Amino acid sequence: MTDHRELYDVIIIGAGPAGLACAIAAKKQNLKYLVIEKGCLVHSIFRFPTDVTLFSTPELLELGDIPFIISTTKPRRLDLLKYYRRVAEHFDLNIHLYETINRVEGQKNGFYIHTDREKNYVTRHVIAATGQFDTPNLMNIPGENLAKVSHYYSEGHRYFKKSVAVIGGKNSGVETALDLYHHGANVTLIHRGETLGKSVKYWILPDIENRIKEGKIRAHFKTAVLQIKDDRIVVKNAMGEVREIENDFVFAMTGYRPNIPFLQSIGIEIESNGTPVHHPKTLETNVPGMYIAGVITAGVEGSKVFIENLRNHGKQIIGHIINGH
């Protein structure tokens, strides 16, 4: 075990947009900081579907006053990855990638952080910017753990001519269903709601509605999946009718949530609605000196928080730290 006895002012857990915003704010205030990330830079964005287009316009996604310039009005995944690499390089941010935090011990003025690289770090403050994309909402049904089932989607080529079920009628489900259809898959969309989600991007809504109307994408509304089998799925509609649908692959696009067990393990209390306890202005948690940033500030309602809303979290937190709380 290696002890890093140099004392950091702040250690940031997570190198997503919120974590980067915190690191930039810390560096601008000449604080000694470190970002520890268990995956790659902006790991959640890296796991987005390959060809996804975001709602936001580039200027709303900028960090550290670094211009985000693209040739289109809305950025795609590759645009974002390139931009955030540029931001990290511009500020020469101190980031340890592919290092997982096992536990955090201590209190204010003395947190000890232990990682899977058998290293210990000491810091006065901790910022958890862990996002939610690594923790899917499980359906808790038989067969959900089969190899044919995934809660993440990248691209559709490998599903050409295969029967694929997409569970969920909000943005991720709709985009997945459409991309699979355009790659030649036989797509069935299954959604508990009566209609598609109200937040579905306006520029893809006509496409999915027309494909459903034509019968090219089969849609089952007010329908739940009861079981996933090797070669079929079992569903039940609002009338109580149960049927089996032949199936090769399943994408359960049921949303994501913060890694609550991890947050609890480092001492952060969770409210009954799934939101980590924190001050709304300073973002300090119930543990003095420990903060949260990014989508986890909204708990299980993280889908309502976007990059343009969370990029100021760094200034809020670091401002509170340098002003001596």
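Rule-based calculations on the coordinates, nothing more; no lab input. Model, not experiment: these values are computed from the prediction. Note that each Cβ is placed from the backbone with ideal geometry, even for glycine, and that neighbours are counted across all protein chains shown.
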What is the order of 275, 123, 50, 72, fewest Cβ neighbours within 10 Å to most?
72, 50, 275, 123
Equivalent-ellipsoid semi-axes of the chain, from the Cα gyration tensor, Å, largest first:
39, 22, 17
Out of all DSSP beta bridges with both ends in the chain, state the antiparallel percent to the nearest 5.
45
Can you give the direction-averaged projected area of the convex hull of the alpha-carbon atoms in the stretch 211-321, in nm²?
10.7
Report the Rg/Rh value for the stretch 29-134, based on alpha-carbon coordinates and the Kirkwood definition of Rh.
1.02
The stretch 1-72: equivalent-ellipsoid semi-axes (sqrt of 5 x gyration tensor eigenvalues, Cα, Å)
29, 17, 7
Would you list the P(r) distribution for the stretch 149-252, with all Cα-Cα distances sorted into 5 Å bins from 0 and each bin expressed as a whole %?
3, 14, 26, 26, 20, 9, 2, 0
Fewest-first ordering of 265, 154, 44, 71 by Cβ atoms within 10 Å yields 71, 265, 154, 44
Note to self: C-alpha centroids of the stretch 97-137 and the stretch 143-214 sit apart, in Å, by 36
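Only counting other Cβ atoms within 10 Å, I'd like 221, 133 sorted with the fewest neighbours first.
In order of increasing Cβ crowding within 10 Å: 221, 133.
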